[in-house]
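Working notes for the structure below.
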Amino acid sequence: MKLILTRDTCPACKNDMVDEIYRMGYASPIMKKYLDDFYGPQGKGVEHDYLANATYLLKKCRRCKTVFQAEIFGDYLMSKLYGEWIDPALALERANSYDTNFYFNYANELMLILSYFGKNPYELNFLDFGMGWGKWCLMAKAFGCNVAGIELSEHRKRHARAQAIEVLDFEQLFSRKFDVINTEQVLEHIPDPLSTLNESVTSGKAGGLKL
């Protein structure tokens, strides 16, 4: 089990010509204070022992100019982050406190999508890749669309199932076809976003949308 994964190539274009532009150890007082200030109010807070030998390391791709984090959390630490360091109950409470504008924007977005297809909502299959607490899925369901979601956090998956949202595993993508695949604020959290994007696109129907 690897706590920290290292990316030696650009996650956006796979180029291996990259330059280091910044580094700071997670054990440094500045970094520890930042993590405590940011994550402390959100739940259990960061367990610094897991990060003692890790480095916040930024590199820049010479080809596409993408700046990326070279050392990232593996699956275990990602589960720690979203399941313990960030308290799921507090995160859900915050998600449930969104104001009317939040839901208006989702409704407006979905009306634009439906107008693009010109079909009845029940004829359309939507996937939210990284659905979080399922807010986008619920809005799409309210319009009458067929909706499924994919999510890393077990807490969020249980919550989605309780809201009657179909939850898929990544492997199930390849046996399904969707008119719309939504990936809002997701790809930046994935170790290999280009490969994941290419794989998820294979589940899109011809003429479909990838958001």
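V67 sits with roughly 80 Å² accessible to a 1.4 Å probe, with DNA, RNA and ligands left out of the calculation. The alpha-carbon atoms of the range 41-140, seen along their principal axes, cover 54, 42, 23 angstrom, with the largest extent given first.
Legend: distances between Cα atoms for K14/K59; K141/K205; K2/K205; pairs beyond 24 Å are K2/K205.
What does the charge add up to near K141, with Lys and Arg as +1, Asp and Glu as -1, over the other residues with Cβ less than 12 Å from its Cβ? Value of the local net charge: -1. The region of the chain that goes longest without hitting one of the trypsin sites (Lys or Arg not before Pro) in a DSSP loop, each with at most 16 other Cβ atoms within 10 Å, is 120-175.
Of the residues G134, W85, L197, the one whose Cα sits farthest toward the positive end of the charge dipole of the chain, with +1 on the Cβ of Lys and Arg and -1 on the Cβ of Asp and Glu, is L197. Summing charges over neighbours of L110, with a neighbour being any other residue whose Cβ is under 15 Å away from its Cβ, gives -2 when K and R count +1 and D and E count -1.
Taking all protein chains in place and a 1.4 Å probe, what share, in percent, of the accessible surface of the range 58-211 do carbon and sulfur account for?
52 percent
Cross-link reach is defined here as a Cα-Cα straight distance under 18 Å, omitting same-chain residues fewer than 8 places apart; for K135 the aspartates and glutamates meeting it are E93, D99, E109, E151, E154, E166, E184. With the whole protein complex present, I21 retains an accessible surface near 90 Å², based on a 1.4 Å probe. For the chain, the equivalent ellipsoid derived from the Cα gyration tensor has semi-axes of 33, 23, 15 Å, listed largest first. Listed values for the range 134-142 are Karplus-derived 3J(HN,Hα) couplings in whole Hz (6.51 cos²θ - 1.76 cosθ + 1.60, θ = phi - 60°), namely x, 4, 5, 4, 5, 5, 5, 5, 4, and x replaces Gly and Pro.
Hey, what's the chain come to in accessible area per residue, 1.4 Å probe, Å²?
55 Å²
Working from Cα pairs under 8 Å separated by at least six residues, relative contact order for the range 70-211 is 21 percent. Straight-line cross-link partners of K33 among the aspartates and glutamates, defined as a Cα under 20 Å from its Cα and at least 8 positions apart when in the same chain: E47, D49, E71, E84, D87. Taking amide H as placed 1.01 Å from N in the peptide plane, the amide H of K205 sits under 5 Å from that of F178, D179, each at least 5 places away or on another chain. What residues from the range 8-34 fall in the zone where the backbone N is under 12 Å from a label point 7 Å along the Cα-to-C-beta line of R62? Only 15-20 fall inside the zone, counting backbone N under 12 Å. Rolling a 1.4 Å probe over the protein chains gives D179 an accessible area of about 10 Å². With label points built 7 Å along Cα→Cβ from the Cα atoms of T6 and Y22, find their separation and express it in nm. For the pair T6/Y22, the computed spacing is 2.2 nm.
Sites listed here are chymotrypsin sites (Phe, Trp or Tyr not before Pro) in the range 52-142 whose DSSP assignment is loop and whose Cβ has at most 16 other Cβ atoms within 10 Å: Y98.
The values are calculated or read from the model by the stated rules, or taken from the named source; none is laboratory data. If you're wondering where the values come from, they're calculated on a predicted model, not measured in any experiment. Neighbour counts are summed over all protein chains in view; Cβ atoms, including those assigned to glycine, are modelled from backbone coordinates with ideal geometry. In case anyone asks, the SASA skips ligands and DNA or RNA and just uses the protein heavy atoms, side chains included. Shrake-Rupley method; radii C 1.70, N 1.55, O 1.52, S 1.80 Å.
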